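Enquirer: Structure incoming, see below.
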Amino acid sequence: PLLLCHAEEAAVVVSGLRNTDVFVGESATFTCELSHPGVKNVQWWLDGTPLHNNLVTEISEQDGRIHTLTLNDVACHDSGTVTFRAGPLISSAKLLVKGIFPV
């Protein structure tokens, strides 16, 4: 019964996404920590577009609680709002990609 009770608790976001500024060509990493594992329907978005695990977009999960998104080799057009959604839980943060201008 104790285990069942814990499983029925709604997970909450312990630590949400943070706004991140990076330069063109760098990597941007976003991390969201949930109170406990087992939340279904985990999805990452960039400006409303669903993200999928590939060479430039690394999506990982640790202990089912810590969800990480790394965007590699970012470009100016990647600037926008990154959103993490796990069931009913949502966390968002801004990604600002800064160009490198000649001095």
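Enquirer: How many times 2.2 N^0.38 Å is the alpha carbon radius of gyration of the chain?
Expert: 1.21
Enquirer: What part of the accessible area of the chain, given as a whole %, is carbon or sulfur when the probe is 1.4 angstrom?
Expert: 58
Enquirer: Using the heavy atoms of the protein chains and a 1.4 angstrom probe, tell me the accessible area per residue for the chain in square angstrom.
Expert: 64
Enquirer: Can you give the calculated 222 nm mean residue ellipticity of the chain, where each DSSP H run of n ≥ 4 adds -39,500 (n - 2.57) and the sum is split over every residue, rounded to the nearest 500 deg cm²/dmol?
Expert: -1500 deg cm²/dmol
The values are calculated or read from the model by the stated rules, or taken from the named source; none is laboratory data. Being a predicted model, the structure only gives us computed values, none of them experimental. To get the accessible areas, we keep the full protein, side chains included, count just its heavy atoms, and leave off ligands, DNA and RNA. Shrake-Rupley method; radii C 1.70, N 1.55, O 1.52, S 1.80 Å.
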